[in-house]
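Every number here is computed from the coordinates shown, using simple stated rules; none is lab data. On a predicted model such as this, the values are computed, not experimentally measured, just so you know. Please note: Cβ atoms are built from the backbone with ideal geometry, for glycine as well, and neighbour counts cover all protein chains shown.
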Amino acid sequence: MTASEMYERLRARFGESVISVELAAKDPWILVEPTRIAEVCAFARDDADLRCDVLSNLTGVDYKAQGWIELVYHLYSYTQRHYLILKARTPRDAAELPTVENVWRAANWLEREIYDLLGVTFTGHSDLRRLLMPEDWVGYPLRKDFVEPEEYHGISTRRESLLR
């Protein structure tokens, strides 16, 4: 199934909630309304023609200048031998999307990583807490406006460059 056919299938089922498709990209992707991402993912998993049984990756990108954080869902179907990339954009100042943990168990840790490093809250997540940073860490290291503190609990966070 081509990206264009997948877009048409999703658009027929979800209407305006499937916003657009970028077919000219190296890896074509479909933009989805953030509040509907879990429903679209469940449909992509369960639909006989799509059958995206694997969430192979979930990542986020901070687009500070545009005012949003973009989540990128890489889905794959072993039975159909195709992939589907979905994107959803959430405002930086209220970064929140529904969890897809109930669609694919792998989302548990992937969403925790995004929460930890970008500050996106996944509503309905079973255990949304920091994964890589200490629980009392302030800020989100992958946000464009993050400023690393000089120290953490008396330990310097600055290191001299090893490239000098």
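So for 129, 159, 143, 13, fewest C-beta neighbours within 10 Å to most, what's the order? Could you put the intermediate results ahead of the total?
Details: 129 9, 159 6, 143 17, 13 14.
Ranking 129, 159, 143, 13 by Cβ neighbours within 10 Å, fewest first, gives 159, 129, 13, 143.
Pairing the Cα long axis of helix 37-46 with the longest principal axis of the chain, what angle in degrees results, from 0 to 90 and rounded to the nearest 10?
50
Tell me the mean residue ellipticity at 222 nm calculated for the chain from its helices only (DSSP H runs of n ≥ 4, each -39500 (n - 2.57), averaged over every residue, nearest 500). Don't jump to the answer; show the numbers that get you there.
Values: 3 runs with 34 residues, N = 164.
Computed ellipticity for the chain at 222 nm equals -6500 deg cm²/dmol.
What is the set of long-range amide H partners of residue 125 at a cut-off below 5 Å, with H atoms built 1.01 Å from backbone N?
Long-range HN contacts for residue 125: 99.
Between 0 and 90 degrees, rounded to the nearest ten: what's the tilt of helix 107-118 against the longest Cα principal axis of the chain?
Rounded to the nearest ten degrees, it is 50.
Could you grab the Rg to Rh ratio for segment 1-61? Cα atoms only, Kirkwood for Rh.
Details: Rg = 11.2 Å, Rh = 12.1 Å.
Rounded to two decimals, Rg over Rh is 0.93.
Using only C-alpha positions, report the orientation-averaged shadow area of the convex hull of the chain, nm², one decimal. Walk me through the numbers on the way to the answer.
Working: hull surface 47.5 nm².
With every direction weighted equally, the projected area is 11.9 nm².
Go from 0 up to the bin containing the longest alpha carbon distance in segment 52-132, width 10 Å each, and give me the % of pairs per bin.
Binned Cα distances yield the sequence 19, 51, 25, 5.
If we count other beta carbons within 10 Å of each Cβ, what is the order of 33, 150, fewest first? Don't jump to the answer; show the numbers that get you there.
Details: 33 16, 150 8.
The order, fewest Cβ neighbours first, is 150, 33.
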